[in-house]
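J.: Sharing a structure with you now.
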Amino acid sequence: MPPASTGALTTVSASAAPSSQPQQLAPGHPGYRRMSFALFSAGMAAFALLYSTQALLPAISSGLGATAGQASWTVSAATGGLALFVLPLSALSERFGRRTMMTASLSVAVAIGLLVPCAPDVRVLIVLRAVQGAALAGLPASAMAYLAEEVRPRALVAAIGLFVAGNSIGGMSGRILAGWVAQAWGWRAALGALGLMSVVCAVVFRLMLPRARNFTAVPLDPRALGRTVTAHLRDPLLRRLYAIGALFMTVFGAVYTVIGYRLVDAPFDLPQGLVGSVFVVYLVGTVSSATAGRLVGRLGRRGALGLAVSTTAAGLLLSLSDTLAAVLLGLVLITAGFFAGHAVASSSVSRTAKKGRAQASALYQSAYYLGSSAGGALGAAAFHAGGWAGTVALGLLAVLGVAAVTLYGSYSARAARRAPAHT
């Protein structure tokens, strides 16, 4: 990795001096359990808010007279806002602290979540969702940096996996709750219920998260930020990890933005409540992300990514069936593959970046959510042009991209190992 800036944005390394190790958390420590529960709650709120409209898109289209493409922007605007603001807000976390930034980010996003149900038309709804996504941008990268600083290196993949598992639980519970509330009282009431659920999660997060013990505040320095970001973007491994995150999320964003439209139409004709309940398959993502550490231990990072790619591709192909059971099994495989791949890639970023971890994680999150935004918009366009088969084709193209990046990484690593023998 090219040397990152040694200026104002340098963070504490996970491989710090031995004297700092007793202060780092590990499984079995009470602080580790509190931290895990707090970040799990934050992950729940973040995903529930970020994707709050996704399961409701057919109802929003009907209620506001919007097309599927217009309604899909209520998801893409939120993820796009997050992608654009994650880097500057992560820089602020270097000055004001990870815990402070996560608290402020979640508080503002929850407040906007209580306003979203009052949007009078689709344009205002899209604007509110973009602002909400921008507010949420302070959470994910700061959380990754917090974990890298506060958790012992050997426990880092598992700790990040638990945070990602909170994402999957939030995505699942939010969509199920929204689906049934919308069926009974409409999509506005559903968004209000999600806002109230997120309030509870935000309070739990603030009460449970331990104070940072390995964070050192540094003054803001835009030039140092530029040098740090440039160093990360010059690192071939980090670039590959960013591409993998973006491509995986393109698949996930496309599938889950469009699936509601497919399931409410023939041959399935499911009501809104059952469409929301389909997202119970997120439980699979909870398991696959939380066990990513063991998967990497057995197969290695590239082996784990290869398994994630194969699982996701198999799910996409299976979802082409007109049998509901086959479609649901396809969603299970897509979800398992995506969350496993995301947990492996995101934890690899934290381990690879020895300096400027918040910026390294921010760049990953930016790529990841740009992938989500692109996936939602392109998935809706592909569905409009070619039906579900068009969305699947887009997903398979992205999966092939992940496979190509992973194989190229393996080739580069072998070439680097052989190089000294020829010099």
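J.: If you check Arg123, Arg99, which single one turns out to be open to solvent by 50 Å² or more (accessible area, probe 1.4 Å), in a helix (DSSP H, G or I) and charged (D, E, K, R)? Let's see the steps before the verdict.
T.: On the way: Arg99 fails: open to solvent by 50 Å² or more (accessible area, probe 1.4 Å).
Of the residues listed, the single one that is open to solvent by 50 Å² or more (accessible area, probe 1.4 Å), in a helix (DSSP H, G or I) and charged (D, E, K, R) is Arg123.
J.: Is it true that some residue in region 205-212 is part of a loop (DSSP other than H, G, I, E, B), open to solvent by less than 40 Å² (accessible area, probe 1.4 Å) and either among the charged types (D, E, K, R) or out of contact with any strand residue (DSSP E or B) (no Cβ under 6 Å at 6 or more places or on another chain) (or both)? Let's see the steps before the verdict.
T.: Filtering region 205-212 down to residues part of a loop (DSSP other than H, G, I, E, B) leaves 209-212.
Adding the requirement that they be open to solvent by less than 40 Å² (accessible area, probe 1.4 Å) leaves 209-210.
Cutting the leftovers down to either among the charged types (D, E, K, R) or out of contact with any strand residue (DSSP E or B) (no Cβ under 6 Å at 6 or more places or on another chain) (or both) gives us 209-210.
Yes; the residues of region 205-212 include at least one that is part of a loop (DSSP other than H, G, I, E, B), open to solvent by less than 40 Å² (accessible area, probe 1.4 Å) and either among the charged types (D, E, K, R) or out of contact with any strand residue (DSSP E or B) (no Cβ under 6 Å at 6 or more places or on another chain) (or both).
J.: Counting just the residues of region 103-116 that are of a type outside the set (Val, Ile, Thr) and open to solvent by 20 Å² or more (accessible area, probe 1.4 Å), which one comes out nearest to Met44 (Cα to Cα)?
T.: It comes out as Ser107.
J.: For Leu87, which of the numbered conditions (1) modelled with pLDDT of 90 or more; (2) buried (at least 19 other Cβ atoms within 10 Å of the Cβ) fails to hold?
T.: Going through the list (1) modelled with pLDDT of 90 or more; (2) buried (at least 19 other Cβ atoms within 10 Å of the Cβ), Leu87 breaks only (1).
J.: Among the residues of region 90-116, write down those that are without any contact (Cβ under 8 Å) to a residue 60 or more places away in the chain and under 30 Å from Asn214 (Cβ atoms).
T.: Matches in region 90-116: Thr100, Met101, Ala104, Ser105, Val108.
J.: Considering every residue within region 311-331, establish whether at least one is within 25 Å of Ala159 (Cβ to Cβ) and open to solvent by 10 Å² or more (accessible area, probe 1.4 Å). Working first, answer last.
T.: Step one: of region 311-331, the residues within 25 Å of Ala159 (Cβ to Cβ) are 311-312.
Then keep just the ones that are open to solvent by 10 Å² or more (accessible area, probe 1.4 Å); that gives 311.
Yes, that holds for at least one residue.
J.: Shifting gears a bit: Quick check on Met101: is it modelled with pLDDT under 95, over 19 Å from Met35 (Cα atoms) and within 18 Å of the chain's Cα centre (by Cα)? First the steps, then the outcome.
T.: Numbers: modelled with pLDDT under 95: yes; over 19 Å from Met35 (Cα atoms): no; within 18 Å of the chain's Cα centre (by Cα): yes.
Here the answer is no, as Met101 does not meet what is asked.
J.: Would you mind telling me which numbered condition in (1) within 22 Å of Gly192 (Cα to Cα); (2) of a type outside the set (Phe, Trp, Tyr); (3) modelled with pLDDT under 75 Gln70 fails?
T.: So Gln70 meets the others, but not (3).
J.: State yes or no: is Arg188 of a type outside the set (A, V, I, L, M, F, W, C), out of contact with any strand residue (DSSP E or B) (no Cβ under 9 Å at 6 or more places or on another chain) and open to solvent by 10 Å² or more (accessible area, probe 1.4 Å)? Lay out the reasoning, then the answer.
T.: Details: of a type outside the set (A, V, I, L, M, F, W, C): yes; out of contact with any strand residue (DSSP E or B) (no Cβ under 9 Å at 6 or more places or on another chain): yes; open to solvent by 10 Å² or more (accessible area, probe 1.4 Å): yes.
Against the criterion (of a type outside the set (A, V, I, L, M, F, W, C), out of contact with any strand residue (DSSP E or B) (no Cβ under 9 Å at 6 or more places or on another chain) and open to solvent by 10 Å² or more (accessible area, probe 1.4 Å)), Arg188 qualifies.
Conditions tested, residue by residue: (1) over 24 Å from the mean Cα position of the chain (by Cα); (2) under 27 Å from Leu156 (Cα atoms).
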position: Thr228; (1), (2): no, yes
position: Leu233; (1), (2): no, yes
position: Leu238; (1), (2): no, yes
position: Tyr256; (1), (2): no, no
position: Tyr261; (1), (2): no, no
position: Leu270; (1), (2): yes, no
position: Gly276; (1), (2): no, no
position: Arg302; (1), (2): no, yes
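J.: Could you tell me which of the residues Leu49, Leu56, Leu82 is among the hydrophobic types (A, V, I, L, M, F, W, C), under 16 Å from Asp121 (Cα atoms) and either open to solvent by less than 10 Å² (accessible area, probe 1.4 Å) or not in a helix (DSSP H, G or I) (or both)?
T.: On the way: Leu49 fails: under 16 Å from Asp121 (Cα atoms); Leu82 fails: under 16 Å from Asp121 (Cα atoms).
After ruling out the rest, the residue left standing is Leu56.
J.: Only one of these is touching a His at 6+ places or on another chain (Cβ under 7 Å) and of a type in the set (Gly, Ala, Ser): Gly273, Gly245, Gly253, Gly285. Name it.
T.: Working: Gly273 fails: touching a His at 6+ places or on another chain (Cβ under 7 Å); Gly253 fails: touching a His at 6+ places or on another chain (Cβ under 7 Å); Gly285 fails: touching a His at 6+ places or on another chain (Cβ under 7 Å).
Answer to the check: Gly245.
J.: Residues of region 340-382 being open to solvent by less than 20 Å² (accessible area, probe 1.4 Å) and β-branched (Val, Ile, Thr), which ones?
T.: Val344, Val349 - these are the residues of region 340-382 that are open to solvent by less than 20 Å² (accessible area, probe 1.4 Å) and β-branched (Val, Ile, Thr).
J.: If you don't mind, there's one more thing I want to ask. Would a scan of region 247-265 turn up a residue that is closer than 25 Å to Ala314 by Cα and outside any helix (DSSP H, G or I)?
T.: Filtering region 247-265 down to residues closer than 25 Å to Ala314 by Cα leaves 247-265.
Within this subset, residues satisfying the condition of being outside any helix (DSSP H, G or I) are 265.
Yes - at least one qualifying residue is present in region 247-265.
J.: Just give me the residues in region 394-415 being open to solvent by less than 50 Å² (accessible area, probe 1.4 Å) and more than 16 Å from Phe248 (Cβ to Cβ), in sequence order.
T.: Ser410, Ser412, Ala413, Ala415
The values are calculated or read from the model by the stated rules, or taken from the named source; none is laboratory data. Nothing here was measured: the structure is a model prediction, and the numbers come from that model. Glycine also receives a Cβ, built like all others from the backbone with ideal geometry; neighbour counts cover every protein chain displayed. Ligands, DNA and RNA are stripped out before the accessible areas are found, and what is left, the full protein with its side chains, is counted by its heavy atoms. Shrake-Rupley method; radii C 1.70, N 1.55, O 1.52, S 1.80 Å.
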